[in-house]
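Novice: My questions all concern the structure below.
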Amino acid sequence: MKKTPLYENHLACGGKIIDFGGWALPVEYLGIIKEHESVRTAAGLFDVSHMGEILIEGSDAGTLIQSLVTNDISSAFDGRIIYSPMCYEDGGVVDDLLIYRFSFTRFLLVVNAANVEKDYQWIRKHLKGQVTAENLSESYAQLALQGPLSQQILQRLTNFNLDDIKFYHFAPEVEICGVKCIVSRTGYTGEDGFEIYADSENAALLWERLLEAGLDDGLVPVGLGARDTLRFEAALPLYGHELSKDISPLEAGLSKFVKFKKPEFIGREPLFTQHEEGTKRKLIGFEITGRGIARNGYEVFCGSEKVGYVTTGSYSPTLKKNIGMALINSDCNPKNSEIEIKIRDRQVMASLVTLPFYVKKYKK
């Protein structure tokens with residue numbers, strides 16, 4: 001398994017290491033529920049160094065990205081971050097990513113760990129004009145500091161005024177403990193927070209100093225388990241679950257990130273057809289009213305008819321309920337908003353609920 005620069009730090013913190021897509025990463029330290037609650041009420045520190053970073057440079061960099069992604073980056077300015085799906089020709093999703101604009105000729109794409117090589121080759125396949133692509137993933141370490149107290153903790157370690165970094169914006173050179181970092185106000189938890197990019201060799205220093213700075217505020221290290229329950233409560237999509245090569249962004253409820261005013265982008269034609277005619281499937285949220293926890297892949301029924309499957313399901317530490325998201329047939333209109341989930345050998349009742357389950361607490 002591949003290891004991030006913080007592997008030894010995870011062991012020192014008591015992290016329970018698992019194989020996550022070929023990476024040795026901590027699933028938990030103190031327990032998933034405790035870590036989850038710490039992020040909701042105080043702060044949590046995540047190692048997300050397994051994520052990928054691809055640098056796009058050249059006079060045609062913006063034009064290339066505009067053709068690759070469904071969102072519109074034409075109005076983005078320096079220091080802005082744009083979230084977007086990137087699609088295949090048939091409208092299925094290659095990946096969903098963050099686009100950091102440093103200048104008209106320089107962009108950094110932050111991509112999902114399991115998709116780094118696939119994304120890089122997809123981008124290289126479509127290079128046109130004066131533009132280059134470089135996979136810098138091994139050069140970067142990425143830490144995420146998330147939660148309502150994250151700003152006051154990070155502010156102790158830098159002279160940079162963090163109020164100047166607005167939601168989905170970044171500062172390209174912020175000195176933290178003497179280390180120059182890229183700092184963005186982004187995250188994957190539904191809480192205010194920051195993502196910090198630094199050279200790999202400085203990752204351990206930043207990790208240790210951040211935990212020290214936040215000790216009295218209740219800052220704790222957080223593993224993959226709570227990262228998933230946090231993003232799930234906020235209904236943030238996970239590639240391979242709510243998005244995939246077989247699930248379009250419109251089916252996943254991400255229509256606001258698909259801009260048809262753009263005349264061209266890969267996948268536009270089939271996505272526009274879905275937009276005009278309606279998708280055959282839709283993403284819904286549900287709450288288990290019977291007993292049991294729905295898991296990814298479990299079948300969903302409306303009466304006696306199978307209508308879809310669960311994309312993510314879990315116990316919600318915040319809501320104290322068993323909840324889930326599912327991809328179901330668009331023409332399914334359950335009586336009394338009730339569906340059934342097949343859990344092992346029995347069908348359990350569930351009620352449809354509005355997404356997201358948890359109201360996001362972003363600082364905008």
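Read-outs: derived from the displayed coordinates by stated rules, not from any lab. If you're wondering where the values come from, they're calculated on a predicted model, not measured in any experiment. Using ideal geometry, Cβ is built from the backbone for each residue, glycine included, and neighbour counts are taken over all protein chains shown.
Novice: For segment 1-144, taking Cα atoms only, what is the radius of gyration to one decimal and the Dmax to the nearest whole Å?
Specialist: Rg then Dmax for segment 1-144, in Å: 17.2, 51.
Novice: One-quarter of the Cα convex hull surface for segment 1-63, in nm²?
Specialist: The directionally averaged projection comes out at 6.6 nm².
Novice: Quick check: net charge around residue 101, other residues with Cβ under 13 Å of its Cβ, Lys/Arg +1 and Asp/Glu -1?
Specialist: Around residue 101, the charge tally is -1.
Novice: A further question on this structure: Average projected area of the Cα convex hull of segment 92-169, in nm²?
Specialist: The number I arrive at for segment 92-169 is 7.5 nm².
Novice: Oh, and also: Net charge around residue 120, counting only other residues with Cβ within less than 15 Å of its Cβ (Lys, Arg = +1; Asp, Glu = -1)?
Specialist: Here the charged neighbours net out to -4.
Novice: Above 22 angstrom, tally the Cα pairs of segment 280-364 and express them as a % of all pairs, no decimals.
Specialist: Of the Cα pairs, 20 percent sit more than 22 Å apart.
Novice: Mean residue ellipticity at 222 nm from the helices of the chain, using -39,500 (n - 2.57) per DSSP H segment of n ≥ 4 over the full residue count, to the nearest 500 deg cm²/dmol?
Specialist: The helix-only estimate for the chain comes to -5500 deg cm²/dmol at 222 nm.
Novice: Please pull out the direction-averaged projected area of the chain, using the convex hull of its alpha-carbon atoms, in nm² to one decimal place.
Specialist: The number I arrive at for the chain is 18.0 nm².
Novice: Arrange 183, 69, 348 by Cβ neighbour counts within 10 Å, fewest through most, would you?
Specialist: 348, 183, 69
Novice: Of 317, 285, 349, which is farthest along the charge dipole of segment 280-364 in the positive direction, counting Lys and Arg as +1 and Asp and Glu as -1 at C-beta?
Specialist: Positive-end residue among those listed: 317.
Novice: Roughly speaking, what is the centre-to-centre gap between segment 77-108 and segment 215-283 when only Cα atoms are used, to the nearest Å?
Specialist: With segment 77-108 and segment 215-283 each reduced to a Cα centre, they are spaced 14 Å.
Novice: List the lysines whose Cα lies under 23 Å from the Cα of residue 16, skipping any in the same chain that are fewer than 8 positions away.
Specialist: 2, 3, 34
Novice: Non-local amide H neighbours of residue 94 (under 5 Å, H modeled in plane, Pro and chain starts lacking H): which ones?
Specialist: Result for residue 94 returns 86, 87, 88.
Novice: By counting other Cβ atoms within 10 Å of each Cβ, how are 158, 279 ranked from fewest to most?
Specialist: 158, 279
Novice: Apply the Karplus parameterisation 6.51 cos²θ - 1.76 cosθ + 1.60, with θ equal to phi minus 60°, to every residue of segment 348-363 and state each ³J(HN,Hα) to the nearest whole Hz, in sequence, with x for glycine and proline.
Specialist: So the Karplus estimates, Gly and Pro as x, are 10, 6, 8, 10, 5, 9, 6, 8, x, 5, 10, 6, 5, 10, 5, 9 Hz.
Novice: Just tell me which lysines come within less than 19 Å, Cα to Cα, of residue 306; anything on the same chain fewer than 8 places away is out.
Specialist: List returned: 280, 282, 335, 342.
Novice: To continue, here is another question. Listing 191, 57 from the residue with the fewest other Cβ atoms within 10 Å to the one with the most, what is the order?
Specialist: 57, 191
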